[in-house]
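Taking it in order: structure first as structure tokens, then the write-up.
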Amino acid sequence: MKVAVDISLYPLDADFIPPIKDVIERLNGYPELQVVTNPMSTQIRGEYAEVMAALTREIGTTFEQVPKAVFAMRILNNPVAG
């Protein structure tokens, strides 16, 4: 099953840009996923299990690296191709 996830990271720190760039770079390292970034969020498309496995790993890594952070996500099943 294909899904699309819209995700935003809000590091609760004055120096918030580096953690955001880091998680986007890591997500781009998954060739099986389509990752599109815009100024407000990142969209990730792919097979449900692959998307969720990547997010589980990368959210966990971010939480280990950033003392306080918030991820906001929306998940859509059966996204329109495009």
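The values are calculated or read from the model by the stated rules, or taken from the named source; none is laboratory data. If you're wondering where the values come from, they're calculated on a predicted model, not measured in any experiment. All Cβ positions, even for glycine, are placed from backbone atoms using ideal geometry, and neighbour counts span all protein chains on display. To get the accessible areas, we keep the full protein, side chains included, count just its heavy atoms, and leave off ligands, DNA and RNA. Shrake-Rupley method; radii C 1.70, N 1.55, O 1.52, S 1.80 Å.
General remarks:
- Under the condition of being assigned to a strand (DSSP E or B), open to solvent by less than 70 Å² (accessible area, probe 1.4 Å) and not β-branched (V, I, T), the residues counted in region 1-44 number 6.
- Taken together, the residues in region 7-37 that are of a type outside the set (S, T, Y), more than 12 Å from V51 (Cα to Cα) and in contact (Cβ under 8 Å) with a residue 12 or more places away in the chain amount to 9.
- Residue in region 15-25 that is touching a Lys or Arg at 6+ places or on another chain (Cβ under 8 Å) and either on the phi > 0 side of the Ramachandran plot or not aliphatic (A, V, I, L, M) (or both) present: no
- Subset tally (residues that are open to solvent by less than 30 Å² (accessible area, probe 1.4 Å) and among the aliphatic types (A, V, I, L, M)) for region 45-56: 3
- Any hit, region 18-30, residues being modelled with pLDDT under 95 and either among the hydrophobic types (A, V, I, L, M, F, W, C) or farther than 24 Å from V80 by Cα (or both): no
- Positions within region 62-74 being open to solvent by 30 Å² or more (accessible area, probe 1.4 Å) and in contact (Cβ under 8 Å) with a residue 60 or more places away in the chain, in sequence order: V70, F71, A72, M73, R74
- Verdict on I59 being surrounded by 15 or more Cβ atoms within 10 Å (Cβ to Cβ), under 20 Å from P31 (Cβ atoms), aliphatic (A, V, I, L, M) and in contact with a Leu (Cβ under 7 Å, 6 or more places away or on another chain): no
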